[in-house]
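The structure appears below as structure tokens.
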Amino acid sequence: MKIFLDTAILDEIKAADAWGVLDGVTTNPSLAAQAGRNFKENILAISALIGERAGTVSAETVSLETDGMIEEARLVTSWADNIVAKIPLTPNGLAAVSQLAKEGIRTNVTLVFSANQGLLAMKAGATYISPFVGRIDDTGHDGMQLVRDLVEIKNYYGYESEILAASLRHPLHVTDAALAGADIATLPFGVMKKMFGHPLTDSGLQRFLDDWATIDGSMRPF
Ligand code: G3P
């Protein structure tokens, strides 16, 4: 499973990149607002950083009309080869995705909350499809079931879209997305950091260091 970071904050992306586990980045207008930087400059900085790993960065359109979405998608994807246009799942959005697919422009269809919506996005030629797991959980329903359903539909018919589990809120979401067969999971930086944590790793490491320190200095290389 590919791991993307769901953030527009460059320092977070640099940190995750240094761990060698980062395959891409997703942003949205809310995350862009949090970054507080010029949108194009920020997307280009992210693009350059993850481009070294052949990763993609998703930049979201804000027009509600098909023509406007297409125009914005053409613009953002013209900035660099690894930028993907993020487009909301509306009828106008799907029309835009379908046209952009014909032009070879990659899209990430966002705000997906049902299997039928995802099926339509697959048929329209979306590159990535983003089911929002946490926001479904917030309504008292099982968000991960949508990921399982989309993976099953994709595999059953052989659609090429990649299922990108989004709105992940905690490490168990990541494990469950991997077990569901999601192609990609996009995570807030805080969730990625929590994936490292285990108290037995910490205590085990401390015990190794303590025991190592009991060896006579002349008998160890470092
Ligand atoms: O990738 C979508 C994500 O940014 C939404 O997450 O936590 O606002 O539901 P959240």
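The values are calculated or read from the model by the stated rules, or taken from the named source; none is laboratory data. Quantities reported herein were computed from a predicted structural model and do not represent experimental measurements. Don't worry about glycine lacking a Cβ; one is built from the backbone with ideal geometry, like all the others, and counts go over all protein chains shown.
Looking at the stretch 26-37, is at least one residue touching a residue at least 40 places away in the same chain (Cβ under 8 Å), under 29 Å from Gly181 (Cβ atoms), polar (S, T, N, Q) and assigned to a loop (DSSP other than H, G, I, E, B)? Yes, the conditions are met somewhere in the stretch 26-37. Cβ-Cβ contacts under 6 Å between residues 6 or more apart (or on different chains), taken from a first residue in the stretch 159-171 that is at positive phi to a second residue that is within 13 Å of the ligand (Cβ to nearest atom) and modelled with pLDDT of 95 or more, are listed as Ser167/Phe132; Ser167/Val133; Ser167/Gly134; Ser167/Arg135. Just one of the numbered conditions (1) among the acidic types (Asp, Glu); (2) more than 16 Å from the ligand (Cβ to nearest atom); (3) surrounded by 10 or more Cβ atoms within 10 Å (Cβ to Cβ) is not true of Asp142: (2).
From Ala59, Ala45, Ala85, grab the single residue that is at pLDDT 95 or above, more than 16 Å from the ligand (Cβ to nearest atom) and surrounded by 15 or more Cβ atoms within 10 Å (Cβ to Cβ). First the steps, then the outcome.
Working: Ala59 fails: more than 16 Å from the ligand (Cβ to nearest atom); Ala85 fails: more than 16 Å from the ligand (Cβ to nearest atom).
So the residue among Ala59, Ala45, Ala85 that is at pLDDT 95 or above, more than 16 Å from the ligand (Cβ to nearest atom) and surrounded by 15 or more Cβ atoms within 10 Å (Cβ to Cβ) is Ala45.
In the set Gly51, Gly20, only one residue is surrounded by 14 or more Cβ atoms within 10 Å (Cβ to Cβ) and not aromatic (Phe, Trp, Tyr); that residue is Gly51.
Mind checking which residues of the stretch 69-82 are among the small types (Gly, Ala, Ser) and either at pLDDT below 95 or closer than 15 Å to Thr27 by Cα (or both)?
Within the stretch 69-82, the first condition is being among the small types (Gly, Ala, Ser), and the residues that meet it are 73, 78, 80.
The answer is Ala73, and nothing else.
Taking the conditions (1) assigned to a helix (DSSP H, G or I); (2) crowded, with 17+ Cβ neighbours inside 10 Å; (3) not aliphatic (A, V, I, L, M) in turn, Asn116 satisfies each one other than (2). Where helices (runs of 4 or more DSSP H) fall wholly inside the stretch 148-222, the ranges with 2 or more residues that are closer than 26 Å to Pro131 by Cα and either among the polar types (S, T, N, Q) or within 16 Å of the ligand (Cβ to nearest atom) (or both) are 171-180, 189-196.
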